[in-house]
1. Does ARG16 fit the bill of being basic (Lys, Arg), farther than 21 Å from VAL3 by Cα and open to solvent by 30 Å² or more (accessible area, probe 1.4 Å)?
2. What's the total number of residues in region 30-47 that are under 17 Å from the mean Cα position of the chain (by Cα) and either open to solvent by less than 40 Å² (accessible area, probe 1.4 Å) or charged (D, E, K, R) (or both)?
3. For ALA63, only one of the following conditions fails: (1) touching a Pro at 6+ places or on another chain (Cβ under 6 Å); (2) not in a helix (DSSP H, G or I). What is its number?
4. Identify, from the list ARG51, ARG57, ARG68, the residue that is under 14 Å from the mean Cα position of the chain (by Cα), open to solvent by 10 Å² or more (accessible area, probe 1.4 Å) and within 23 Å of ALA21 (Cα to Cα).
5. Pull out all pairs, ordered by first then second residue, where Cβ-Cβ is under 8 Å, the residues are six or more apart or on different chains, the first lies in region 1-23 and is at pLDDT 95 or above, and the second is among the polar types (S, T, N, Q) and part of a loop (DSSP other than H, G, I, E, B).
6. Working only within region 1-59, note down all residues that are over 27 Å from ALA89 (Cβ atoms) and among the polar types (S, T, N, Q).
7. If I filter region 93-102 for residues that are of a type in the set (S, T, N, Q), touching a Ser or Thr at 6+ places or on another chain (Cβ under 7 Å) and either assigned to a helix (DSSP H, G or I) or surrounded by 13 or more Cβ atoms within 10 Å (Cβ to Cβ) (or both), do I get at least one hit?
8. Quick one: is ILE27 open to solvent by less than 10 Å² (accessible area, probe 1.4 Å) and of a type outside the set (Ser, Thr, Tyr)?
Amino acid sequence: RNVGEAHYWRAMNFVRLKDDAQAWTAIEEAAKTLSNFDVPKLAGIIAINRRDYPTARQRLEMAVTRFRGDCETSYYLQAVLAEQRDWDATARVASDAGACFDRDEAVIQQELATVRSSQMAADRRARLIARREQQLVSNARMRATVWYNAAAANFNMARTDEARRFAEKVADDAFYGDRARSLLDRLK
């Protein structure tokens with residue numbers, strides 16, 4: 001019924017197929033008739049894949065303006081800002097994204113408690129629990145990335161206290177721990 005929705009899903013499918021040229025064409029068509037936050041978010045992701053960082057930034061900023069509660073959009077935006085070496089904006093957006101993932105985790109944990117104690121069919125409960133637990137794992141990985149990027153951005157601007165605060169958040173992380181500890185050593 002909605003041509004814009006059809007173009008959006010077409011773009012999503014092309015992203016999954018790693019056909020960025022077709023995905024870009026489809027998302028541009030979707031943008032003509034849809035004005036939600038998903039369209040510029042996906043356009044930003046496609047632009048990242050194409051290494052068109054100015055366009056990615058513009059689209060992701062538009063998506064954040066349309067819906068501030070989507071942590072993943074801020075995750076992508078701070079990555080683009082870091083690519084552009086805009087350290088002040090990177091630090092700000094990465095910090096906001098980390099706080100967003102913290103809030104999201106609390107909500108997901110509440111949802112998990114509700115699902116675990118529900119009387120629904122066991123197989124449905126297991127699927128819902130697995131989906132939420134996977135979301136927690138994915139969010140934790142993105143949160144570690146934004147905390148590290150916030151630390152690095154603050155370090156690059158000689159904001160040692162802020163850099164230390166964020167680096168300490170990921171000092172024990174499996175992926176960022178070594179780099180965070182190295183950064184902490186440099187801050188001494």
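The values are calculated or read from the model by the stated rules, or taken from the named source; none is laboratory data. Remember, it's a predicted structure, so these values are computed and weren't measured experimentally. We place every Cβ from the backbone using ideal geometry, glycine too, and count neighbours over all the protein chains shown. Remember, those area values only see protein heavy atoms, side chains included, never the ligands or the DNA or RNA. Shrake-Rupley method; radii C 1.70, N 1.55, O 1.52, S 1.80 Å.
1. It is false that ARG16 is basic (Lys, Arg), farther than 21 Å from VAL3 by Cα and open to solvent by 30 Å² or more (accessible area, probe 1.4 Å).
2. Matching residues across region 30-47 total 10.
3. With (1) touching a Pro at 6+ places or on another chain (Cβ under 6 Å); (2) not in a helix (DSSP H, G or I) applied to ALA63, the lone miss is (2).
4. ARG57
5. Once the first residue is at pLDDT 95 or above and sits in region 1-23, its partners that are among the polar types (S, T, N, Q) and part of a loop (DSSP other than H, G, I, E, B) give HIS7/THR33.
6. ASN2, ASN13, GLN22, THR25, THR33, listed by residue number.
7. The answer is no, given that none of the residues of region 93-102 is of a type in the set (S, T, N, Q), touching a Ser or Thr at 6+ places or on another chain (Cβ under 7 Å) and either assigned to a helix (DSSP H, G or I) or surrounded by 13 or more Cβ atoms within 10 Å (Cβ to Cβ) (or both).
8. Against the criterion (open to solvent by less than 10 Å² (accessible area, probe 1.4 Å) and of a type outside the set (Ser, Thr, Tyr)), ILE27 qualifies.
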